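Engineer: Quick one: the structure is below, and I'll ask about it shortly.
Derivation of every value follows stated rules applied to the coordinates shown; laboratory data play no part. Since the model is a prediction, treat every value here as computed from it, not as a measurement. When we count neighbours, we look across all protein chains shown, and the Cβ atoms used for this are built from the backbone with ideal geometry, even at glycine.
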Amino acid sequence: MISISRLISGKVEDADRIRYSGIKDKYPSVLVFNVTRNCNLRCKHCYSGSGIGLFQDLPLSSWLNAVKQASDMGVKHVLLSGGEPLSRRDVHVIAKEAHERGIRVELSTNGTMLTRERLEELRGLIDYVGVSIDGPEPVHDRFRGVEGAFSKALKGVRLAKELGFKTGFRFTLTKDNVEHVDFVFQLMEREEVDRVCFYHLAYAGRADRSLDIDNKTRLSVVKKIVERTKAGKWEVLTADNPVDGILVYSLTKSVNVLDLLRKNGGNKSGERIADISPEGIVYPDQFTPVPLGRVENLREIWDEPRPLVKMLRERKRYVKCSSCPFFDVCNGGLRGRALVYTGDLWGKDPSCYLEDIFKDGLLRESSPTSL
Ligand code: SF4
């Protein structure tokens with residue numbers, strides 16, 4: 001994840017302390033808990049292929065055990081996701097266990113189940129509520145496969161804000177909604193929401209590559225996001241494409257930005273972040289379908305690393321674009337997307353738009369240190 005606002009304005013949010021610490025821990029500092037594959041919506045771009053009542057998720061005891069292991073490993077941050085995490089009636093119990101162990105907890109939700117009762121259960125346990133918004137009402141509802149999804153999500157956002165939760169939007173960039181980035185900023189202004197995260201599409205679950213934008217469009221839309229961020233008002237992040245950091249550097253030519261990007265180190269799937277599926281399989285992230293182990297033995301994955309875990313740590317030796325002058329700030333992008341596109345876990349991430357940054361004249365064909 002790249003905090004555009006941190007790079008542009010220098011404003012430091014809590015999660016930036018992990019993101020730009022430069023500390024290399026043995027264990028991940030962020031774990032995504034996909035606590036369920038059940039969901040009341042049918043989103044076109046759902047990376048977990050979730051749906052209504054189709055799945056058998058891990059029991060509560062397994063998630064509580066995962067929290068305990070995470071705490072022993074020094075994990076700093078747990079993201080409760082799904083499916084729709086609120087479709088689990090006991091999600092607040094997982095949040096409570098993590099919170100009481102000093103772990104920062106975020107909720108990633110479609111917003112439609114954010115009732116007063118559920119929010120009261122979560123009050124004091126959750127540090128951030130991120131609600132997915134895909135564009136104006138008709139676009140959002142079409143995307144989500146359910147009429148009324150937008151108005152329910154917005155109602156949830158308003159309620160969460162009223163009850164004092166830090167609340168923001170999550171927007172996945174696709175061909176069908178890329179022209180609505182301005183709308184998201186307008187909605188933030190109107191609803192007095194102060195954080196947004198823009199996700200680049202990862203090809204997993206129902207999210208097919210045919211939904212993705214091309215890299216020329218990617219460059220222009222991320223430039224727009226950077227421009228809007230300059231207003232300095234919002235916390236703005238992008239996820240799943242570290243080339244966005246290179247773009248900020250190319251626009252600012254700031255040595256300080258380059259230094260922060262180096263500390264961040266780009267994509268760290270399987271190192272700084274890992275994902276636990278609803279069935280208890282541990283993956284490098286939510287999108288890369290190469291299992292690292294089982295949740296029951298979470299800690300062992302990094303204590304006694306299998307070859308794949310070691311290879312992810314030393315990926316510069318394997319990734320096809322490792323001669324890139326920006327490899328130390330990008331780390332080769334998203335492996336899951338490379339795997340789906342090229343059939344090779346170490347192939348080139350098709351969403352890398354570095355070439356387009358060069359073509360645009362924002363960078364010269366030289367190493368970043370000589371700029
Ligand atoms: S070529 Fe590879 S390392 Fe360089 S910016 Fe693209 S994805 Fe990142």
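Engineer: State which entries of LYS11/LYS253; LYS44/LYS223; LYS26/LYS68; LYS76/LYS268; LYS11/LYS316; LYS76/LYS223 exceed 23 angstrom in Cα-Cα distance in the structure shown.
Structural biologist: From the list (LYS11/LYS253; LYS44/LYS223; LYS26/LYS68; LYS76/LYS268; LYS11/LYS316; LYS76/LYS223), the Cα-Cα distance tops 23 Å for LYS44/LYS223; LYS11/LYS316; LYS76/LYS223.
Engineer: In the neighborhood of ALA338, defined by Cβ-to-Cβ distances under 14 Å, what is the net charge if each Lys or Arg adds +1 and each Asp or Glu adds -1?
Structural biologist: Net charge around ALA338: +1.
Engineer: Mind giving me the nanometre distance, one decimal, between the label points for ARG206 and ARG116, set 7 Å out from Cα along Cα→Cβ?
Structural biologist: With each label point 7 Å from Cα toward Cβ, the separation is 3.2 nm.
Engineer: Which of ILE52, ILE103, ILE213 ends up with the largest GNM mean-square fluctuation for the chain, with Cα atoms connected below 10 Å?
Structural biologist: Highest fluctuation among the options: ILE52.
Engineer: How large is the Kirkwood hydrodynamic radius of region 1-136, in angstrom, based on all distinct alpha carbon pairs?
Structural biologist: 16.0 Å
Engineer: What's the extension gain from VAL12 to ASP90 if we count 0.36 nm per residue and subtract their Cα-Cα distance?
Structural biologist: 24.8 nm
Engineer: A further question follows. 7 Å from Cα along Cα→Cβ at both ARG364 and LYS175: what's the point-to-point distance in nm?
Structural biologist: Result: 3.9 nm between the two label points.
Engineer: Who wins for biggest fluctuation among SER71, SER210, SER351 in a Gaussian network model of the chain, springs between alpha carbons below 10 Å?
Structural biologist: SER210
Engineer: Name the long-range amide H neighbours of THR167: under 5 Å, sequence gap of 5 or more, or other chain; modelled H, no Pro or chain starts.
Structural biologist: VAL129, ASP194
Engineer: Give the aspartates and glutamates reachable from LYS233 as a straight Cα distance under 19 Å; neighbours fewer than 8 places away on the same chain don't count.
Structural biologist: GLU13, ASP14, ASP16, ASP182, GLU189, GLU191, GLU192, ASP194
Engineer: If I model a spin label as a point 7 Å beyond the Cα along the Cα-Cβ vector, how far apart are those points for LYS24 and ASP194 in nm?
Structural biologist: Each label point lies 7 Å from its Cα, and together they span 3.6 nm.
Engineer: As a test, work out the antiparallel percent of DSSP beta bridges whose residues both lie in the chain, rounded to the nearest 5.
Structural biologist: Rounded to the nearest five, the antiparallel share is 15 percent.
Engineer: Ok, one more. Which order do the peptides 301-308, 266-273 come out in when sorted by mean C-beta neighbours inside 10 angstrom, highest first?
Structural biologist: Descending packing order for the listed peptides: 266-273, 301-308.
Engineer: Using the beta-carbon distance between GLU137 and GLU304 and R0 = 51 Å, what value does 1/(1 + (r/R0)^6) give for FRET efficiency, to the nearest 0.05?
Structural biologist: With a Förster radius of 51 Å, E is 0.50.
Engineer: Also, I was wondering about something else. Per the helix-only calculation at 222 nm, which mean residue ellipticity applies to the chain, given -39500 (n - 2.57) for every DSSP H run of n ≥ 4 and division by its residues, nearest 500 deg cm²/dmol?
Structural biologist: Calculated at 222 nm, the ellipticity per residue is -10500 deg cm²/dmol.
Engineer: What does the C-alpha gyration tensor say about the overall shape of region 2-361? Classify as rounded when a/c is under 1.5, otherwise prolate if a/b is larger than b/c, or oblate.
Structural biologist: Because its axes are fairly even, with a/c under 1.5, region 2-361 counts as rounded.
Engineer: If you average the alpha carbon positions of region 220-243 and of region 258-306, how far apart do those two centres end up, in angstrom?
Structural biologist: 26 Å
Engineer: Okay, next question. Name the residues whose placed amide hydrogens come within less than 5 Å of the amide hydrogen of HIS77, ignoring near sequence neighbours (fewer than 5 apart) on the same chain.
Structural biologist: Counting only residues 5 or more places away or on other chains, the set is LEU31, ARG104.
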